[in-house]
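Colleague: Below: one structure in structure tokens.
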Amino acid sequence: MMRVTIEGFGSMWSMRSRPDPREPGKEQIAFYNTTGVTLNGNIKHRSRIFGQLRLNATGGFIAKGIERNLDRVFCCLGELGQSHAKLMCYHLVAKPEPPDFFLFAVQSNVTGVLRIESEHWKSNGVLLFSLSQAKESQEAILLMPAHSWFRGGLGTFIAEPDCDRPWRAALRLLG
């Protein structure tokens, strides 16, 4: 089990439900998130690297008001580093604590294009979880340890934990 603070979500959402075998008449609901890019006013997958985040309604995920899930630490299991990465967020940690990874969603209009073909575009430990791309438009989900970095077309960004709340972090452009 790893601890992951969610600092952003990709643009693509879906939901699945199924009958709850423990409680007849109720449903189990799961929410799925991944990257997408805007084409002709619509968000499309255009996956170069497909990764999917799963959040269960019973695990503390707040479906009404997605932004209320940001800066929260989840206990997760994942199949990472594969062609179809999966990260399952089981439940919130009992009390906030520094995570193993911060999960950031980044767009090329903010960071510049990620040149993932280069072996020097990110520091060791950074995992490219999902990437959608159409021409020079990109959206990526990155799992980043504290103080790790990546390079976009606009410069180098570092995952900088908050000194007062070390379970939170922000991406800072190094100048």
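The values are calculated or read from the model by the stated rules, or taken from the named source; none is laboratory data. What you see is a predicted model, and the numbers here were worked out from it, not measured in a lab. Every residue, glycine as well, gets a Cβ built from its backbone with ideal geometry; the counts of neighbours run over all protein chains shown.
Colleague: Return only the number of the condition from (1) surrounded by 13 or more Cβ atoms within 10 Å (Cβ to Cβ); (2) under 17 Å from Gln107 (Cβ atoms); (3) not small (Gly, Ala, Ser) that Glu67 does not satisfy.
Modeller: (1)
Colleague: Scan the range 91-128 for residues that are among the β-branched types (Val, Ile, Thr), modelled with pLDDT of 95 or more and over 18 Å from Ile49 (Cβ atoms) and jot them down.
Modeller: Val110, the sole residue that qualifies.
Colleague: Is at least one residue of the range 36-46 touching a strand residue (DSSP E or B) at 6+ places or on another chain (Cβ under 9 Å), under 15 Å from Lys86 (Cβ atoms) and at pLDDT 85 or above? So that I can check it myself, show each step before the final result.
Modeller: Residues of the range 36-46 that are touching a strand residue (DSSP E or B) at 6+ places or on another chain (Cβ under 9 Å), as a first pass: 36-39, 43-46.
Those still in the list that are under 15 Å from Lys86 (Cβ atoms) too: none.
Within the range 36-46, none of the residues are touching a strand residue (DSSP E or B) at 6+ places or on another chain (Cβ under 9 Å), under 15 Å from Lys86 (Cβ atoms) and at pLDDT 85 or above.
Colleague: Could you tell me whether any residue of the range 65-77 is aromatic (Phe, Trp, Tyr) and within 26 Å of Ala134 (Cβ to Cβ)?
Modeller: No, the range 65-77 contains no residue that is aromatic (Phe, Trp, Tyr) and within 26 Å of Ala134 (Cβ to Cβ).
Colleague: Against the condition crowded, with 18+ Cβ neighbours inside 10 Å, touching a residue at least 60 places away in the same chain (Cβ under 8 Å) and in contact with a His (Cβ under 7 Å, 6 or more places away or on another chain), how does Cys89 come out, does it pass? Lay out the reasoning, then the answer.
Modeller: Working: crowded, with 18+ Cβ neighbours inside 10 Å: yes; touching a residue at least 60 places away in the same chain (Cβ under 8 Å): yes; in contact with a His (Cβ under 7 Å, 6 or more places away or on another chain): no.
When the stated conditions are applied, Cys89 does not pass them.
Colleague: Here's a follow-up. Taking the condition at pLDDT below 90 and out of contact with any Lys or Arg (no Cβ under 8 Å at 6 or more places or on another chain), does Phe61 pass?
Modeller: Numbers: at pLDDT below 90: yes; out of contact with any Lys or Arg (no Cβ under 8 Å at 6 or more places or on another chain): yes.
Against the criterion (at pLDDT below 90 and out of contact with any Lys or Arg (no Cβ under 8 Å at 6 or more places or on another chain)), Phe61 qualifies.
Colleague: Can you tell me which of Gly8, Gly51 is closer than 25 Å to Arg115 by Cα and in a strand (DSSP E or B)? Walk me through how you get there before you give the answer.
Modeller: Numbers: Gly8 fails: in a strand (DSSP E or B).
On inspection, the qualifying residue turns out to be Gly51.
Colleague: Can you find, within the range 101-122, the residue that is surrounded by the most Cβ atoms within 10 Å (Cβ to Cβ) among those that are of a type in the set (D, E, K, R) and not in a strand (DSSP E or B)?
Modeller: Initial filter on the range 101-122 (of a type in the set (D, E, K, R)): 115, 117, 119, 122.
In the following step, the residues that additionally are not in a strand (DSSP E or B) were identified as 115, 117, 119.
Numbers: Arg115: 11, Glu117: 6, Glu119: 6.
Only one residue tops the list, namely Arg115.
Colleague: Select, from Phe74, Phe157, Phe129, Phe104, the only residue that is under 27 Å from Lys26 (Cβ atoms) and aromatic (Phe, Trp, Tyr). Steps first, please.
Modeller: Numbers: Phe157 fails: under 27 Å from Lys26 (Cβ atoms); Phe129 fails: under 27 Å from Lys26 (Cβ atoms); Phe104 fails: under 27 Å from Lys26 (Cβ atoms).
Answer to the selection: Phe74.
Colleague: Sticking with this structure for a sec: Take Gly152 and tell me if it is modelled with pLDDT of 95 or more and surrounded by fewer than 20 Cβ atoms within 10 Å (Cβ to Cβ).
Modeller: It is false that Gly152 is modelled with pLDDT of 95 or more and surrounded by fewer than 20 Cβ atoms within 10 Å (Cβ to Cβ).
Colleague: Mind checking whether some residue in the range 125-137 is farther than 18 Å from Gly10 by Cα and either within 17 Å of the chain's Cα centre (by Cα) or touching a residue at least 24 places away in the same chain (Cβ under 8 Å) (or both)?
Modeller: Scanning the range 125-137, I find at least one residue that is farther than 18 Å from Gly10 by Cα and either within 17 Å of the chain's Cα centre (by Cα) or touching a residue at least 24 places away in the same chain (Cβ under 8 Å) (or both), so the answer is yes.
Colleague: Looking only at the range 71-100, which residues are more than 16 Å from Met2 (Cα to Cα) and in a strand (DSSP E or B)?
Modeller: To start, the set of residues in the range 71-100 that are more than 16 Å from Met2 (Cα to Cα) comprises 82-84.
His84, the sole residue that qualifies.
Colleague: In this structure, does Arg46 turn out to be in contact (Cβ under 8 Å) with a residue 12 or more places away in the chain, under 13 Å from the mean Cα position of the chain (by Cα) and buried (at least 17 other Cβ atoms within 10 Å of the Cβ)?
Modeller: Working: in contact (Cβ under 8 Å) with a residue 12 or more places away in the chain: yes; under 13 Å from the mean Cα position of the chain (by Cα): no; buried (at least 17 other Cβ atoms within 10 Å of the Cβ): yes.
Against the criterion (in contact (Cβ under 8 Å) with a residue 12 or more places away in the chain, under 13 Å from the mean Cα position of the chain (by Cα) and buried (at least 17 other Cβ atoms within 10 Å of the Cβ)), Arg46 does not qualify.
Colleague: Tell me which residues, restricted to the range 11-47, are under 28 Å from Ala146 (Cα atoms), touching a Ser or Thr at 6+ places or on another chain (Cβ under 7 Å) and either not β-branched (Val, Ile, Thr) or not in a strand (DSSP E or B) (or both).
Modeller: Initial filter on the range 11-47 (under 28 Å from Ala146 (Cα atoms)): 11-13, 31-37, 47.
Cutting the leftovers down to touching a Ser or Thr at 6+ places or on another chain (Cβ under 7 Å) gives us 11-12, 32, 34-37, 47.
Within the range 11-47, Ser11, Met12, Tyr32, Thr35, Gly36, Ser47 meet the criteria.
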